[in-house]
Amino acid sequence: MKFLDIGEVSARSGIKPSALRYYEQIGLITSVFRHGLRRQFPPEVLLQLKLIAMGKTAGFSLEEISGMFGKTGAPELPRAALHQKADEIDRQIRELTALSDTLRHVAECSAPSHMECPTFRRLVEVAGKRAGAGKSRRAGKVQ
């Protein structure tokens, strides 16, 4: 088996060596030995790094991601957590779509003033209710 040194892993993954060392420090990845001062990684580390990047993009914390790898470094993906995160992303998509629609309407509205536009006023009202509901949900989690 050909091992990859930290420079090769960095070049092939696009992740800085300092981040790779941090990932190793917190247990996300593991080097197998050192050649001189350079850490050596098994080729599977590239797949692990892709999964880590995907998890970060999905909004998982590094701590949550570290729990998704078994002792051997193989992915052990918790299906319930993945469903929950997908539901959160779907909610964000709906909210961002509504915001995009609102912005487009504001940009294209022919009313002399946006405050004279009944559609704009309704959209602002709906957005205000959503923002208030979001604060209530977040406040409930804190307590």
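Is it the case that some residue within region 101-108 is at pLDDT below 85 and part of a loop (DSSP other than H, G, I, E, B)?
Scanning region 101-108 turns up no residue that is at pLDDT below 85 and part of a loop (DSSP other than H, G, I, E, B).
In region 45-68, how many residues are at pLDDT below 90 and outside any helix (DSSP H, G or I)?
2
If we scan region 21-33, do we find a residue that is surrounded by 15 or more Cβ atoms within 10 Å (Cβ to Cβ), of a type in the set (Gly, Ala, Ser) and not in a helix (DSSP H, G or I)?
Checked against the condition, which is being surrounded by 15 or more Cβ atoms within 10 Å (Cβ to Cβ), of a type in the set (Gly, Ala, Ser) and not in a helix (DSSP H, G or I), region 21-33 yields at least one hit.
I want to confirm something. Restricting to region 62-86 and keeping residues that are charged (D, E, K, R) and under 12 Å from the mean Cα position of the chain (by Cα), which single residue is nearest to THR30 (Cα to Cα)?
Only one residue tops the list, namely GLU64.
Can you tell me which residue in region 1-20 is nearest to the chain's Cα centre (by Cα), limited to those that are touching a residue at least 24 places away in the same chain (Cβ under 8 Å) and in a loop (DSSP other than H, G, I, E, B)?
If we take residues in region 1-20 being touching a residue at least 24 places away in the same chain (Cβ under 8 Å) and in a loop (DSSP other than H, G, I, E, B), then ILE15 is nearest to the chain's Cα centre (by Cα).
Is region 72-81 home to any residue that is modelled with pLDDT under 90, part of a helix (DSSP H, G or I), within 22 Å of SER18 (Cβ to Cβ) and not aromatic (Phe, Trp, Tyr)?
Within region 72-81, not a single residue is modelled with pLDDT under 90, part of a helix (DSSP H, G or I), within 22 Å of SER18 (Cβ to Cβ) and not aromatic (Phe, Trp, Tyr).
Just checking, how many residues over region 64-85 are touching a residue at least 24 places away in the same chain (Cβ under 8 Å) and either more than 23 Å from LEU4 (Cα to Cα) or polar (S, T, N, Q) (or both)?
So the answer is 2.
The values are calculated or read from the model by the stated rules, or taken from the named source; none is laboratory data. Remember, predicted model here, so these are calculated numbers, not experimental data. Reconstructed Cβ throughout: ideal geometry from the backbone, glycine too, with neighbour counts over all protein chains shown.
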